[in-house]
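Report on one structure; see the data block that follows.
Bear in mind these aren't lab numbers, they're just calculated from the coordinates by the rules spelled out. The structure displayed is predicted, hence computed values, not measured ones. Cβ placement follows ideal geometry from the backbone for every residue including glycine, while neighbour counts extend to all protein chains displayed.
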Amino acid sequence: MSDKVKARQRIDELRAEIERHNRLYYIDAAPEITDREYDQLLQSLEGLEQEFPEFGSATSPTQRVGGAPLDHFESVKHTVPMMSLSNTYSKEELGEFDRRIRKLIPEETFDYILEPKIDGVAISLRYENGELVRAVTRGDGTTGDDVTSNIRTIQSIPLRLSDMIPPTVLEVRGEIYMDTAGFSKLNERRQEAGKEPFANPRNACAGSLKLLDPREVAKRPLDAIFYATGQLDGIVFETHEQMLQTLKDYGLRITPNYWLSSTIEEILDQLDTLENMRHEFPFEMDGGVIKVNERRLYEPLGSTAKSPRWAVAYKYEPEQAETILHSISIQVGRTGVLTPVAELEPVQLAGTTVKRATLHNEDEIRRKGIKVGDRVVIEKAGEIIPAIVKVVTEKRTGSETDFTMPSVCPVCDGEVEKREGEVALRCTNLQCPAQVKNWIAHYASRGAMDINGLGESLVEQLVDSGLVKTPAELYALKNAEVLGLERMGEKSADNLIKGIEESKQRPFEKVLFGLGIRHVGKGAAMILANEFKNIDALMEVDVQRLETIRDIGPIVGKSVVEYFQSMETRTVIDQLRAAGVNFEQAEAGGNNELEGLTFVLTGSLETMTREEGGDKIRARGGKTSSSVSKNTSYLVAGDSAGSKLAKAEALGVTILNEEQFIALLGSDEKRKDQQAGQMGFIF
Ligand code: IVH
């Protein structure tokens, strides 16, 4: 047998093997191998596919995340419209639903089937001859968005159905949802990054599917469950249950529980059972869907303009609880915003004990007429953070008191202000400990100065003990001072001081981002650093000039100018400069060697992370991109480089290994060191 034939065979075997493990993991929840072993199988397959690109396939398990970001989604007409369900909150109306059906088809005997109603985003997948060809959102029911490249990133969705003779066309409909545990983690990460958290898993899911870059979607904890069909060709299902079981055999996830019964009365009981299980599912469930099980009856039952007559959704009331509002406390965030928080008598709600609820801002307290001491109704309607829905005014005793926002910051007694056009109150004191902790944590974070060993709890201690009030004071820290902190050994103290020292070498754009200027994220910091080259030029700039820069809008512009107008800011910058922090773009001395060149980094590098590699390229005027195209100048390939390497080879892009890449940066690295030395002398 030739090598080629052997490779083909092995590729097929590996694909089938990986798909089997996917099914075991995602569908049967009974994995047979460890994650590591799974990754090894995937790597072997990637290796072979690179060696033999002629055997590439769009449905290979290696091809989940591919392609460049889109600039928009194509609209696609559904072959069979995606209908919605009629809804009810009342069990009486379910009785009417049953009577209507029995009147329409008096001679028939049939069963009902009850499933959870998943609170996610509806999707239609089209498999042709077993291969996933398209995924379309519901849209208006007639036309939706083609989100295939995003859907392919969801690991539990098979790119190929597991059947030797699959139907010619199988359209399945279901719900994409964000796993509740994954949702909480995602929100934690967003808050750490200073981003607005998502209100609930459904919003997070819908937002994720709208992302144009599938690589970003791949990072979101999305999953799917299927419960209906669209166009079918070459397959017929007699009952809904049979359809569900067949989908499961194909490797598509279906609801973990369903109930069959011949009477609506039984279904009413099962609805209670289902409601009690509400918090056991990994998805948010907002009700139950009752469907006729016999599919031959769908046609005679027909549908109204929007929904079929053979199904109905019973929605559970959002979970509410009554409790006492003891007090309203104020939280101060990194940007100085004062947020009122309701301190409640602890109460059980939706499976957890609730002690606090957000009140957002003063306007909301006024709107809802909330007084301290009130009995209030709180609700968790898909919202993870409970909210106060209303005051039980009938239960007022007269001892309740009005709440007013404090006129000074509760943390530092500093002045507070309301900015034009904003509802929030802000503390204006940059030295406010609440702001300082967040400011320093942000300065030290990975995306900014990346100070090794300086995590949140250490920041907390440094600020509380009075050792550090600004990022600049980090550079004055002495080993002995750090050693005096809780749980701090000699080695970690040394490492911290070393980490702080090393941060002086970070590129200017990182420093700029680390300063924590409102609205200046990593991207804006990079643009500003490239445009102005040093902090002095940036400090003198006005809004008009900033607005001439591409991708810098008026909000960022105004914020930058305001930031540098503050005396406190100027003092901190002077101190940072005196400590030796880098306030100049590296290529300031005409060092723009990589200008005009575009690099793609892939695989893992030994001496640096890909992000650091990217920084080095950009510091020399080069560009980085995340996808290989004919415009790519170099592909830097680290260990276990995957499909990008294959694509670069196919396009004839020059490939550099890590050593060659370092050599390319090489001469330049030395020059940068000399410059850094000089800078220390000048300032
Ligand atoms: S059946 C023709 N089953 O609820 C009817 N829908 O309000 C097809 N949904 O658009 C839908 N869980 O997004 C069905 N088990 C379930 C469901 C479900 C959630 C969603 C679906 C639909 C909406 C209707």
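Using R₀ = 60 Å, calculate the FRET efficiency as 1/(1 + (r/R₀)^6) where r is the Cβ-Cβ separation of Asn592 and Ala206; round to 0.05.
0.90
Using alpha-carbon pairs under 8 Å, 6+ residues apart, how would you state the relative contact order of the chain in percent?
Contact order relative to length: 9 percent.
Per residue of the stretch 241-257, in order, report the coupling 6.51 cos²θ - 1.76 cosθ + 1.60 (Karplus, θ = phi - 60°) as ³J(HN,Hα) in whole Hz, putting x for Gly and Pro.
4, 5, 4, 4, 5, 5, 4, 4, 4, 6, x, 9, 6, 10, 4, x, 9
Lys498: which lysines have alpha carbons under 16 Å from its alpha carbon, excluding same-chain residues fewer than 8 sequence positions away?
Straight-distance partners of Lys498: Lys478.
How long is the gain from Glu299 to Glu280 if the chain were fully straight, where each residue apart is worth 0.36 nm and the alpha carbon distance is subtracted?
Here the segment from Glu299 to Glu280 would lengthen by 3.3 nm.
If you take the square roots of the eigenvalues of the alpha-carbon gyration tensor of the stretch 91-226 and sort them as a ≥ b ≥ c, do you get rounded (a/c under 1.5), prolate (a/b over b/c) or oblate?
It is oblate, given that a/c is not under 1.5 and a/b is not larger than b/c.
Could you tell me which of rounded, prolate or oblate describes the chain, using a ≥ b ≥ c as the square roots of the eigenvalues of the alpha-carbon gyration tensor, with rounded for a/c under 1.5 and, failing that, prolate when a/b is larger than b/c and oblate otherwise?
oblate
Per DSSP helix of 4 or more residues, -39500 (n - 2.57); summed, then divided by the residues of the chain. What does that give at 222 nm, rounded to the nearest 500?
Dividing the helical sum by the residues of the chain leaves -11000 deg cm²/dmol.
Using 0.36 nm times the number of residues separating Lys522 and Asn129, minus their current alpha carbon distance, what extension gain do you get?
137.0 nm
For a quick check: with amide H placed at 1.01 Å from N, whose amide H comes under 5 Å from Lys380's, ignoring anything fewer than 5 positions away on the same chain?
Glu319
Could I have the simple spin-label model distance between Glu317 and Met567, label points 7 Å from Cα toward Cβ, reported in nm to one decimal?
The two pseudo-label positions are separated by 6.0 nm.
Taking only Cα atoms, what is the 0 to 90° angle, nearest 10, from helix 610-619's long axis to the longest principal axis of the chain?
Tilt relative to the chain: about 50 degrees.
Within the stretch 161-239, report the GluC sites (Glu not before Pro) that DSSP leaves as loop and that have at most 11 other Cβ atoms within 10 Å.
Passing sites in the stretch 161-239 are Glu238.
Place the peptides 413-423, 55-65 in order of packing, highest mean first, counting for every residue the other Cβ atoms within 10 Å and averaging per peptide.
Answer by packing, highest mean first, reads 55-65, 413-423.
Mind running the shape call on the stretch 601-654? Use the C-alpha gyration tensor, a ≥ b ≥ c as the square roots of the eigenvalues: rounded below 1.5 for a/c, prolate if a/b tops b/c, oblate otherwise.
Oblate is the answer for the stretch 601-654, as a/c is 1.5 or above yet b/c matches or exceeds a/b.
For the stretch 370-461, what is the convex hull volume of the alpha-carbon atoms per residue, in Å³?
195 Å³
Cα-Cα over 29 Å: which of Lys210/Lys418; Lys219/Lys306; Lys210/Lys616; Lys210/Lys644; Lys185/Lys533; Lys355/Lys395?
Lys210/Lys418; Lys219/Lys306; Lys210/Lys616; Lys185/Lys533
What do you get for the angle between helix 180-192 and the principal long axis of the chain? Use alpha-carbon atoms, 0 to 90 degrees, nearest ten.
20 degrees
Hand me the trypsin sites (Lys or Arg not before Pro) from the stretch 556-658 located in a DSSP loop with no more than 12 other Cβ atoms within 10 Å, in residue order please.
Passing sites in the stretch 556-658 are Lys630.
What does the net charge come to around Ile290 if you take all other residues with beta carbon closer than 13 Å to its beta carbon, with K and R at +1 and D and E at -1?
-2
Among Glu266, Glu606, Glu584, which comes first, then next, by fewest other beta-carbon atoms within 10 Å?
Ranking Glu266, Glu606, Glu584 by Cβ neighbours within 10 Å, fewest first, gives Glu606, Glu266, Glu584.
If a cysteine in the chain has no other Cys Cβ under 4.7 Å from its own Cβ, put it on the list, ordered by number.
Taking the Cβ cut-off of 4.7 Å, the unpaired cysteines of the chain are Cys205.
So if we plug the beta-carbon distance of Asp402 and Thr335 into 1/(1 + (r/R0)^6) with R0 = 22 Å, what FRET efficiency do we get, rounded to 0.05?
Efficiency computed from Cβ-Cβ geometry: 0.20.
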